[in-house]
Amino acid sequence: MKFTIQPSQNPSLGIIGFGAFGRLIATHVARQFDVIVYDEKPCCAEDACRLGVRTGSLREAASCDIVVLATPVAAINAVVAEIADHCRSGALVIDVGSVKMKPAQVMLEKLPCDVHVVAAHPLFGPQSAADGIAGLNVAVCKVRGHHHLSVAAFLRHGLKLNVILTDPEEHDRELAVVQGLTHFIARVFQQMEPLPTRMTTSSFELLTQAIAMVQDDAPEVFDAIENLNPHSQDVRQQFLHLARELHDHLGAETR
């Protein structure tokens, strides 16, 4: 790669996918990079203008020094196939989805061998980043090349994030519990609404706060966390098995 991720050098950065998280990324890197965003949605140009970045074609965004894939995980296969011919030699491609094994495999298989690849997952969203991102967690996985270290250094020193170096397998195994179980329980709680609001405890209020933090996530985020992480189903089954055992035990005590 012909550059180091240093704000002073202003490398070009293409963001493909300008939904809630794509906009969050642009908000925090617009001053450090020459940002080009691409999204098929009609509101893309208006949102980009508001954030001080410019829009471009898919080819333009994919031809940048750094390309960030902020698309749904389910779309990663098609998106990578579309951009592969436009990526420049020595470029860095980073995905920021909530699942890492599938995107990492797709990028390795479909991107040219002279393109560096990093799989990253900011462990926060627009809601939890409302008061700033300093100190929040981000997972960074080496996939191809050594530029995961440059990415980690920029995230740590440039954006003040807490960087966790890991690999796609370890990431998905842990996040099946951290996100998969959290979103699963939150979805069940939502189906039990309306929940009590008058006589509550601190622990219950923390639960409702956790639900509120994920309830506005796009459906494709929930689908990726629960269906595209290969470890999520096993975690759900273990949880349901233990819950059933506890339920049966409590029932036996009352008989």
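Could you please find all residues in the stretch 100-145 being at positive phi and either assigned to a strand (DSSP E or B) or loosely packed, with under 14 Cβ neighbours inside 10 Å (or both)?
Result: G132, G135.
I want to confirm something. Restricting to the stretch 131-160 and keeping residues that are within 19 Å of Q105 (Cβ to Cβ) and of a type outside the set (A, V, I, L, M), which single residue is nearest to the chain's Cα centre (by Cα)?
If we take residues in the stretch 131-160 being within 19 Å of Q105 (Cβ to Cβ) and of a type outside the set (A, V, I, L, M), then C141 is nearest to the chain's Cα centre (by Cα).
Which of the residues belonging to the stretch 141-160 are under 21 Å from V73 (Cβ atoms) and out of contact with any Ser or Thr (no Cβ under 7 Å at 6 or more places or on another chain)?
Those that are under 21 Å from V73 (Cβ atoms) and out of contact with any Ser or Thr (no Cβ under 7 Å at 6 or more places or on another chain): K142, V143, R144, H148, V151, L155.
Of the residues that sit in the stretch 69-91 and are farther than 30 Å from V177 by Cα and surrounded by 17 or more Cβ atoms within 10 Å (Cβ to Cβ), which one is farthest from the chain's Cα centre (by Cα)?
H86
Please determine whether any residue of the stretch 76-89 is hydroxyl-bearing (S, T, Y), part of a loop (DSSP other than H, G, I, E, B) and free of Cβ contacts under 8 Å to residues at least 60 places away in the same chain.
yes
Which of the following residues is assigned to a loop (DSSP other than H, G, I, E, B), surrounded by fewer than 16 Cβ atoms within 10 Å (Cβ to Cβ) and over 20 Å from the mean Cα position of the chain (by Cα): R59, R31, R50?
R31
For H231, are the conditions met, namely being touching a Gly at 6+ places or on another chain (Cβ under 8 Å) and either more than 18 Å from A20 (Cα to Cα) or at pLDDT below 95 (or both)?
So H231 fits the description; yes.
Within the stretch 194-208, how many residues turn out to be surrounded by fewer than 12 Cβ atoms within 10 Å (Cβ to Cβ) and either over 16 Å from T182 (Cβ atoms) or not hydrophobic (A, V, I, L, M, F, W, C) (or both)?
Count: 9.
The values are calculated or read from the model by the stated rules, or taken from the named source; none is laboratory data. Given the structure is predicted, the values throughout are model-derived calculations rather than measurements. Reconstructed Cβ throughout: ideal geometry from the backbone, glycine too, with neighbour counts over all protein chains shown.
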